[in-house]
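Report on one structure; see the data block that follows.
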C-alpha cells in the first residue's frame, strides 16, 4: 500500500509542475516529405509506419513506462517449450473506414491474412524477413513464392498450412516458432504483425494502401485517416469505435504539407499557428538567449533507439560521372575504409545536431547504449563491444592512424588499378535542417586531413520525397549517413540492415572473406536461444567484427539539442523498439509549451515512477 500511495503522490506532483492540457484538442504540424505508400504490410520506413502506428492496433502495446499491456489481444500464453504463442483477440473490435463507418469485426484471421500477404515474395514486403526468421515453415513458404534469378532452379512451393500461423477460431491466433524466441512478444508490436481485413485486401488488390487517398485502407487503431491529400494535408480523427478510445485525448491531428516546413515552422509555431516545429542549433541558441522565446522550447527526449552510422556502399549503382568502378576498388580496400573511419571527427560533425554537448549523443557501436542488458550489464559492454565502448566519443578519431592507413591504401589502390583521388558521392535529404551542413563539415574535415589528392567528396542533394528509394535503397551513394531503429527487444534486430538482400550498404557484395565471416558469426549468435548471456556476447562479437573491419563507422543518436512541441514527451508510449514512440495515444496538447525546467522536472518524476513500478513488481 505504501508503494501505491507513493506512486499516487508522484503523479500528483507531476501534474502540479506541468502546463495544463487543452480539452478536445487539435494538434497541428507541418511536414515536408510525403510518404510513398500507406501499405503498412510492405514498408519499414519510419515516416510510413508512423502513420500505421496511429491507425492500426497491434496484439500488445507498451505504456508510457515501457510495461507491456493488452491491446487487440486481451490475453496470451506461451507453451512450456517456448515454441507456441497463443493470443486471444478482444471480441467486438471493428474495422472502420475513413468516415468511421463499420466495415467488419477484427478477427484472428486478420493476422493470418496479413502474414500470408507479407510472406508472398511477389508483394516485396520489407518486413518479410522478420517473420520468416522466427515463424516455423515461413522461410520455405516465402522462398516458394519468389521468382528465381535467371538460370536458377525455383524453390519448391509449400502449402500455407505448413506455416506456423493459424486462426484456431474467430478470436484465437496461434504462432509456432522455429525455436524458442525469448523476445517474441516484443516483436508483435511491429508492422509485420499488424492485422489486415482479408476481404478488403482482396477488393482493393494492387490498390491496397496506395498513397492516393484515405479510401485505400481500413482502420482499427486510435485514429482514422479522415483526409489524405498527397502533398497537401493529412487529417487523423479520433476513432470512437476503438477499444481504448477513452485513452485518446487529442481529437484531431492535422498535418499540412509544405516543402519549406523546416524553414517556416519555427515562425509559425511562435505565432501559435502550429503546435510543433523543428528547431536547429542556430535557432535554439537565439531563442534560449531571449527569456520569452526560451520558454517555447525544451530538450529533445532520446525516447527512441535509432542508431546512426556512416555506411560504405559495396554495390554502387550511381552515375558513371562518379566513377562507380573506381569506387568498388577503393571500398573493398580495408586500409582505405580505415583511413576514412579514423579521419572522421564525429564530435565536430555532431556539433550541428548538439552544439552544447555533442559527446553525449555519440557512441561507438551500432546498437545504442541501454537498449538491452543482462543482470545489469549493458549489451554494449559485452564481448567485443566493450573495448569499443570504453574508447569513448573521441576514440575513433586518430589523425596519425588515418594518415598511416591512407599511405598504405594509396600504394594498394594504385597497384590494383584505381585512380586517385577517389570520388566519394555523399548525398543528403534537403528537407533536413542540419544534414547539408553536416556533409560540408565532413567533406572539409576529411579532405583537409587526408588530402584532396586522395579523396574527392562530392555532396549532392537527394530528392525531397522518396529519398530512401532514390538514394540508399538503389545504391546511389558511396558514403551515406544511415539510421536503423529496433523492431524488437534483442540485439539481433541491429543486424537486420546488413542482412543479405537488405538495402542498406550491401556488405554481401564486398570482396574478400570478411563479409562471409560476419554472416557466420551472426548465424552462430542467432542459433543460441537458451542462454541469453551467451547469445548477447555472440552478437556483440559479430557487431564488433563488423565495426572493426570498417563496414560502417558508428556515429550515435541522430539528434540532440532542443525541440518545440506542445506535448509532454513523458505521456507517450515508451519502448526502445517497435512503433510505440510514434503513437499519439495517451498524449494531450498543452495550453502552453513545456520549458526546459519543466522538462527536467517531468523527466525526474518519470524516472521515479518507473522505478516505483519496477520495485512494486518485485
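Out of all the residues in the stretch 58-80, is one or more surrounded by 19 or more Cβ atoms within 10 Å (Cβ to Cβ) and closer than 26 Å to residue 466 by Cα?
Within the stretch 58-80 (the criterion being surrounded by 19 or more Cβ atoms within 10 Å (Cβ to Cβ) and closer than 26 Å to residue 466 by Cα), the answer is no, since none of the residues qualifies.
Kindly indicate whether residue 406 is over 21 Å from the mean Cα position of the chain (by Cα) and at pLDDT 95 or above. Outline the logic, then answer.
Numbers: over 21 Å from the mean Cα position of the chain (by Cα): yes; at pLDDT 95 or above: yes.
Judged against the criteria, residue 406 is a match.
Out of the stretch 310-335, which residues are within 18 Å of residue 416 (Cβ to Cβ), touching a residue at least 24 places away in the same chain (Cβ under 8 Å) and more than 26 Å from the chain's Cα centre (by Cα)?
The answer is 323, 326, 327, 329, 330, 331, 332, 333, 334, 335.
For the stretch 370-380, how many residues are under 11 Å from residue 491 (Cα atoms) and assigned to a loop (DSSP other than H, G, I, E, B)?
Number satisfying all stated conditions: 2.
What number of residues in the stretch 238-269 are in a helix (DSSP H, G or I), in contact (Cβ under 8 Å) with a residue 40 or more places away in the chain and under 23 Å from residue 33 (Cβ atoms)? Walk me through it before giving the result.
Step one: of the stretch 238-269, the residues in a helix (DSSP H, G or I) are 245-247, 261-269.
Pick out the ones that are also in contact (Cβ under 8 Å) with a residue 40 or more places away in the chain and you get 247, 261-262, 264-266, 268-269.
Next cut, under 23 Å from residue 33 (Cβ atoms) only: 261-262, 264-266, 268-269.
Summing the residues that are in a helix (DSSP H, G or I), in contact (Cβ under 8 Å) with a residue 40 or more places away in the chain and under 23 Å from residue 33 (Cβ atoms) in the stretch 238-269 gives 7.
Determine which member of the set 156, 182 is in contact with a helix residue (DSSP H, G or I) (Cβ under 7 Å, 6 or more places away or on another chain), part of a loop (DSSP other than H, G, I, E, B) and closer than 18 Å to residue 79 by Cβ. Reasoning before the result, please.
Numbers: 156 fails: closer than 18 Å to residue 79 by Cβ.
Testing whether each residue is in contact with a helix residue (DSSP H, G or I) (Cβ under 7 Å, 6 or more places away or on another chain), part of a loop (DSSP other than H, G, I, E, B) and closer than 18 Å to residue 79 by Cβ leaves just 182.
Are any residues in the stretch 469-499 free of Cβ contacts under 8 Å to residues at least 24 places away in the same chain and within 17 Å of residue 366 (Cβ to Cβ), and if so, which ones? Quick ask: steps written out before the conclusion?
Of the stretch 469-499, the ones free of Cβ contacts under 8 Å to residues at least 24 places away in the same chain are 470, 497.
497, the sole residue that qualifies.
Residue 142 is checked against (1) within 24 Å of residue 208 (Cα to Cα); (2) within 26 Å of the chain's Cα centre (by Cα); (3) buried (at least 16 other Cβ atoms within 10 Å of the Cβ); (4) in contact (Cβ under 8 Å) with a residue 60 or more places away in the chain and fails just one. What number does that condition carry?
(4)
Got a number for residues in the stretch 80-90 being more than 16 Å from residue 183 (Cβ to Cβ) and in a loop (DSSP other than H, G, I, E, B)?
Total satisfying the criteria: 3.
Can you tell me which condition residue 325 does not meet? The list is (1) crowded, with 17+ Cβ neighbours inside 10 Å; (2) out of contact with any strand residue (DSSP E or B) (no Cβ under 7 Å at 6 or more places or on another chain), and all the others hold.
With respect to (1) crowded, with 17+ Cβ neighbours inside 10 Å; (2) out of contact with any strand residue (DSSP E or B) (no Cβ under 7 Å at 6 or more places or on another chain), residue 325 is out only on (1).
Can you name the residue in the stretch 381-401 that is assigned to a helix (DSSP H, G or I) and under 31 Å from the mean Cα position of the chain (by Cα) and, of all such residues, is surrounded by the fewest Cβ atoms within 10 Å (Cβ to Cβ)? Even if it seems obvious, please write down each step before you answer.
First, the residues of the stretch 381-401 that are assigned to a helix (DSSP H, G or I): 381, 385-390, 399-401.
Narrowing further to those that are under 31 Å from the mean Cα position of the chain (by Cα): 381, 385-390.
Details: 381: 16, 385: 26, 386: 17, 387: 13, 388: 22, 389: 19, 390: 11.
Here the residue is 390.
Looking for whichever is in contact (Cβ under 8 Å) with a residue 40 or more places away in the chain and under 24 Å from residue 35 (Cα atoms) here; the options are 219, 184. Which one fits? Don't jump to the end; show me each part of the working.
Values: 184 fails: under 24 Å from residue 35 (Cα atoms).
Being in contact (Cβ under 8 Å) with a residue 40 or more places away in the chain and under 24 Å from residue 35 (Cα atoms) holds for just one of 219, 184, which is 219.
Is it the case that some residue within the stretch 521-531 is over 30 Å from residue 576 (Cβ atoms), in a loop (DSSP other than H, G, I, E, B) and touching a residue at least 12 places away in the same chain (Cβ under 8 Å)? It would help to see each step written out before you state the result.
Within the stretch 521-531, the subset over 30 Å from residue 576 (Cβ atoms) is none.
No, every residue in the stretch 521-531 fails to be over 30 Å from residue 576 (Cβ atoms), in a loop (DSSP other than H, G, I, E, B) and touching a residue at least 12 places away in the same chain (Cβ under 8 Å).
Between 454, 428, which is buried (at least 18 other Cβ atoms within 10 Å of the Cβ), closer than 24 Å to residue 329 by Cβ and in the same structural domain as residue 507 (by TED's automatic domain parsing)? First the steps, then the outcome.
Working: 428 fails: closer than 24 Å to residue 329 by Cβ.
Result: 454 is the single residue among 454, 428 that is buried (at least 18 other Cβ atoms within 10 Å of the Cβ), closer than 24 Å to residue 329 by Cβ and in the same structural domain as residue 507 (by TED's automatic domain parsing).
Working only within the stretch 270-286, note down all residues that are touching a residue at least 60 places away in the same chain (Cβ under 8 Å) and more than 24 Å from residue 254 (Cβ to Cβ).
Taking the stretch 270-286 and keeping what is touching a residue at least 60 places away in the same chain (Cβ under 8 Å), we get 273-281, 284-285.
Matches in the stretch 270-286: 281, 284, 285.
For the stretch 416-436, indicate whether the set of residues that are in contact with a helix residue (DSSP H, G or I) (Cβ under 8 Å, 6 or more places away or on another chain), touching a residue at least 40 places away in the same chain (Cβ under 8 Å) and assigned to a helix (DSSP H, G or I) is non-empty.
no
Only one residue in 99, 124 is farther than 29 Å from residue 587 by Cβ, out of contact with any strand residue (DSSP E or B) (no Cβ under 6 Å at 6 or more places or on another chain) and touching a residue at least 60 places away in the same chain (Cβ under 8 Å), so which one is that? Walk me through how you get there before you give the answer.
Numbers: 99 fails: farther than 29 Å from residue 587 by Cβ.
When all the criteria are applied, what remains is 124.
Residue by residue, here is whether (1) surrounded by fewer than 21 Cβ atoms within 10 Å (Cβ to Cβ); (2) modelled with pLDDT of 95 or more; (3) closer than 23 Å to residue 27 by Cα holds:
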{"residue": "516", "(1), (2), (3)": "yes, no, no"}
{"residue": "519", "(1), (2), (3)": "yes, yes, no"}
{"residue": "528", "(1), (2), (3)": "yes, no, no"}
{"residue": "544", "(1), (2), (3)": "no, yes, no"}
{"residue": "551", "(1), (2), (3)": "no, yes, no"}
{"residue": "580", "(1), (2), (3)": "no, no, yes"}
{"residue": "587", "(1), (2), (3)": "no, yes, yes"}
{"residue": "599", "(1), (2), (3)": "no, no, yes"}
{"residue": "603", "(1), (2), (3)": "yes, no, yes"}
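Filter the stretch 561-618 down to residues that are free of Cβ contacts under 8 Å to residues at least 24 places away in the same chain and not in a helix (DSSP H, G or I) and give me whichever is farthest from residue 186 (Cα to Cα).
Selected residue: 618.
Please pick out the residue among 423, 401 that is farther than 23 Å from residue 554 by Cβ and assigned by TED's automatic domain parsing to the domain that holds residue 312.
On the way: 401 fails: farther than 23 Å from residue 554 by Cβ.
Checking each option against the conditions leaves just 423.
For the structure I just gave you, tell me whether residue 443 is over 20 Å from residue 308 (Cβ atoms), part of a helix (DSSP H, G or I), at pLDDT 95 or above and out of contact with any helix residue (DSSP H, G or I) (no Cβ under 7 Å at 6 or more places or on another chain). Give the steps one after another, and end with the answer.
Numbers: over 20 Å from residue 308 (Cβ atoms): no; part of a helix (DSSP H, G or I): yes; at pLDDT 95 or above: yes; out of contact with any helix residue (DSSP H, G or I) (no Cβ under 7 Å at 6 or more places or on another chain): yes.
No.
Identify the single condition in (1) in a helix (DSSP H, G or I); (2) surrounded by 17 or more Cβ atoms within 10 Å (Cβ to Cβ); (3) without any contact (Cβ under 8 Å) to a residue 40 or more places away in the chain that residue 235 does not satisfy, given that it satisfies every other one.
Looking at each condition in turn, residue 235 falls short on (1).
The values are calculated or read from the model by the stated rules, or taken from the named source; none is laboratory data. Every value quoted in this text rests on a predicted model; they were computed, and no experiment measured them. Ideal geometry is used to build each Cβ from the backbone, glycine not excepted, and the neighbour counts take in all protein chains shown.
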